[in-house]
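Heads up: the structure comes next, in structure tokens.
Values in this text are rule-based calculations from the coordinates and carry no lab data. Small disclaimer: the values here were computed from a predicted structure and weren't measured. With ideal geometry, Cβ positions are generated from the backbone for all residues, glycine too; neighbour counts draw on all protein chains shown.
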Amino acid sequence: MKKYQYFYETIMEVKITVLGTGTSQGVPVIGSSHPVCLSSNIKDKRLRVSVMLEVNGMRLIIDCGPDFRQQMLMQEVSSIDAVLFTHEHADHTAGLDDLRPFYFRQGNLHCYMTSRVHKALKERFSYIFTTVNKYPGVATLDVHEFKNEPFEINGTRVIPVLADHGFIPVHGYRIGDVAYMTDVKTIAQSEKEKLKNLDVLILNMLRKETHATHLNLEEALDLVRELRPKRTYFTHISHHLGFHDEVEKILPENVFLAYDNLQITSH
């Protein structure tokens, strides 16, 4: 375990704001008459999945999906230090253009991603990444490509955790004793070692039925039992899972459903 001793270094507390907990369509789904989509419980209304971490005086965002603008306004966020991307799918990247207000105030924005994600974003948002006749109202992004090795943001160590999204790779992140893993289907044993001795694990859990690219409830609970974090919060939740309050009643101790705007503090 000498390789992983840096996981347990002392770190200031991490404040987590869960910005969104929904699937790629969000909840309610447009036009759906499913009972959960018609629920009046605010915890059953889920924007696309994202979190904000505040640690060591920094504010870090993991993924900026199509609801990013709304999420920033709801949380009254006026500055961010970096954006980390898990993978290239639209529900995790479609809000890239809404980084502009931060760019106008702060200058170039630091974004962390793999070369695969960088390539996909350059194709999808070519006008942002072009160096020829660039429109003056477009943000400039300082892209930091990483491989599956630890890196630092202003002295804070970030541990990428590689997982499989069924058909493509996806990265979660560990900072201190907090880990955020979304769109996971499987994780290699070597990567699970990076997720030991956690205070807080935020993990995707789509529904009760099996899914080709996401953990279902049984699979997610099996992983929680294996990793044994002190607290687990499920995210990336489909309306097919059921009503928030009813599902929470059947979960084990110290396992919870996350909901939009939930705040968690880790020490």
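Of note:
- Taking the number of Cβ atoms within 10 Å of each Cβ as an exposure proxy, the fewest-first ranking of TYR180, TYR103 is TYR103, TYR180.
- Inter-centroid distance (Cα atoms) of segment 24-61 relative to segment 230-254, Å: 13 Å
- Going by neighbour counts of Cβ atoms within 10 Å, the residues CYS37, CYS64, CYS111 line up, fewest first, as CYS37, CYS111, CYS64.
- Dipole magnitude of segment 13-266 about its Cα centre (Cβ charges: Lys, Arg +1; Asp, Glu -1), debye to nearest 20: 300 debye
- Overall form of segment 134-242 per C-alpha gyration tensor (a/c, 1.5; a/b vs b/c): oblate
- Distance between the 7 Å Cα→Cβ label points at LYS122 and GLU218: 4.4 nm.
- Among beta bridges identified by DSSP and lying wholly in the chain, the antiparallel ones come to about 55 percent.
- Think of segment 113-267 as having a plus end and a minus end, set by charges on the Cβ of Lys, Arg, Asp and Glu; of PRO160, VAL200, PHE125, PHE125 sits farthest toward the positive end of this dipole.
- About its Cα centre, the dipole of segment 76-133 is roughly 260 debye, where the only charges are +1 on Lys and Arg Cβ and -1 on Asp and Glu Cβ.
- Charge tally in the Cβ shell below 12 Å around ASP44, where Lys, Arg are +1 and Asp, Glu are -1, ASP44 excluded: -1
- 222 nm mean residue ellipticity, helices alone, for the chain (DSSP H n ≥ 4; -39,500 (n - 2.57); rounded to 500): -4500 deg cm²/dmol
- Relative contact order [Cα under 8 Å, 6+ residues apart], the chain, whole percent: 20 percent
- The overall shape of segment 32-76 is prolate: from the C-alpha gyration tensor, with semi-axes ordered a ≥ b ≥ c, the ratio a/c is 1.5 or greater and a/b exceeds b/c.
- A simple spin-label model places the labels of ASP245 and ASN133 5.8 nm from each other, with each point 7 Å out along Cα-to-Cβ.
- Tensor-based shape of segment 13-266 (alpha-carbon gyration tensor, a/c under 1.5 rounded, otherwise prolate or oblate): prolate
- Taking the number of Cβ atoms within 10 Å of each Cβ as an exposure proxy, the fewest-first ranking of HIS110, HIS267, HIS171 is HIS267, HIS110, HIS171.
- Model label points for ASN41 and GLN70, set 7 angstrom from Cα along the Cα-to-Cβ axis, are 2.0 nm apart.
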